[in-house]
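All remarks here apply to the structure that follows.
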Amino acid sequence: MLCRFQRTLRQPVETQGVGLFTGTDARLRFLPAPTDHGIAFQRIDVAGSAPIPARIEFVAPSQRRTAIACNGVQVEMIEHVMAALAGLQIDNCLIEIDGPEVPGFDGSCREICDLLIASGIVEQDRMREAISLLMPVQVSADDGDVDLVARPMNNNGLAITYQLDYGDRSPISPQNLTVEITPESFVRDIAFARTFVLDSEVAALQAAGYGRRVTHQDLLVFDANGRVIDNELRAPDEPVRHKILDCLGDFALIGTDLRGYVNAYRSGHRQNQDLVRRILLTHQSETRSEAI
Ligand SMILES: [Zn+2]
């Protein structure tokens, strides 16, 4: 990821769908935005609510997803849209939404990517800021179950390794993948990967009020033998690809490009967000035209 100009959409595009968690219908409208605007979500169904910047300062505590909130107004499940925008290097965009949760579509961000590409992506007249990692930044759980390390990398890009390992008894076997993120590799290797859940977890999620309108076609549901119920994998290692998608969406909460190498062992949204906070505490962004 070389030093580059900021980018936005050529024209507005919209779509609609159902939220995976809350089951609410919502319409999404992606609008071009000026330089240095960043990504923001605006709840147009809540009178007088302002755009909420999709930055780490606005993240609200949530289980299994990433939400942002401001003045009591919340937008849930932003991470897949954030991944699509970051993967395609769309830096400035206002997303209007008329409900509390971003639709899940098929559990991946392929439909959003197709929509954004169809809109057209245009360069703007300012350089994109970036944070280049100068020293290792680490987030770990005390028990060693989660480890997330971001390190300097010498080619100005962003590479992510994800190590998915739920243990010997999990129906999902260990998977390990490294992807150097570019718009091309993102579309080819990551955007299609769907979110997943174990069949054994579904009852508890539904008892908690989640996923009532979700079918086996809206995400991947793994049975106790590791088979996908009423669906087919798009890649043998689709789960680890989705975890990289989630990482990218969460790292985009930095609000600038990130240059470095991130090795993620079993991390989830909470640890991804903690890493973003630590990077922002220890690093400053820059726009370096000479970095080309
Ligand atoms: Zn996800």
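The values are calculated or read from the model by the stated rules, or taken from the named source; none is laboratory data. All values derive from a computational prediction rather than experimental measurement. Here the Cβ positions follow ideal geometry from the backbone for every residue, glycine too, while neighbour counts run over all protein chains shown. These area figures cover heavy atoms from the full protein model, side chains too; ligands, DNA and RNA do not enter into them. Shrake-Rupley method; radii C 1.70, N 1.55, O 1.52, S 1.80 Å.
Semi-axes of the equivalent ellipsoid for the stretch 71-174, computed as √(5λ) from the eigenvalues of its C-alpha gyration tensor and ordered from largest down, come to 29, 23, 15 Å. Working from the Cα coordinates of the stretch 189-261, the gyration tensor eigenvalues give, after taking √(5λ), semi-axes of 26, 16, 10 Å in decreasing order.
Of all DSSP beta bridges located in the chain, what percent are antiparallel, nearest 5?
Around 65 percent of the beta bridges assigned by DSSP in the chain are antiparallel ones.
Ignoring ligands, DNA and RNA, how do R151, R266, R65 rank by accessible area with a 1.4 Å probe, largest first? Please report the intermediate quantities before stating the final value.
Working: R151 100, R266 70, R65 25 Å².
Descending order: R151, R266, R65.
For the stretch 5-127, DSSP calls about 75 percent of its internal beta bridges antiparallel. Here the accessible area of the stretch 138-185 is 41 percent carbon and sulfur, with a 1.4 angstrom probe and all protein chains present. The residues of the chain expose on average 45 square angstrom of accessible surface per residue, using a 1.4 Å probe on protein heavy atoms.
What translational diffusion coefficient, in µm²/s and rounded to a whole number, does the Stokes-Einstein relation yield for the stretch 113-207 at 25 °C and a viscosity of 0.890 mPa s, taking the hydrodynamic radius as the Kirkwood radius over Cα pairs?
Details: Rh = 17.4 Å.
Using the Kirkwood radius from Cα pairs, D works out to 141 µm²/s.
Evaluating 6.51 cos²θ - 1.76 cosθ + 1.60 at θ = phi - 60° for every residue in the stretch 125-138, the Karplus couplings come out as 9, 10, 6, 7, 6, 9, 10, 9, 5, 9, 8, x, 10, 10 Hz, glycine and proline recorded as x. Only the Cβ atoms of Lys and Arg (+1) and of Asp and Glu (-1) were treated as charged; on that basis the dipole of the chain about its Cα centre amounts to roughly 360 debye. Amide H to amide H, with H built 1.01 Å from N, V262 comes under 5 Å of R151, A159, I160, T161, counting only residues 5 or more places away or on other chains. Let a ≥ b ≥ c be the square roots of the eigenvalues of the Cα gyration tensor of the chain; is it rounded (a/c under 1.5), or, if not, prolate (a/b larger than b/c) or oblate? Oblate, since a/c reaches 1.5 and b/c is not below a/b. The amide H of G104, built 1.01 Å from its N in the peptide plane, has V18, G19, L20 as neighbours under 5 Å, considering only residues 5 or more places off or on other chains.
Scalar couplings 3J(HN,Hα) for the stretch 149-158, obtained by applying the Karplus form with A = 6.51, B = -1.76, C = 1.60 to θ = phi - 60°, are 10, 10, 10, x, 9, 8, 10, 6, x, 10 Hz; x denotes Gly and Pro. Size descriptor for the stretch 130-291, Kirkwood hydrodynamic radius: 17.0 Å (Cα pairs only, one decimal).
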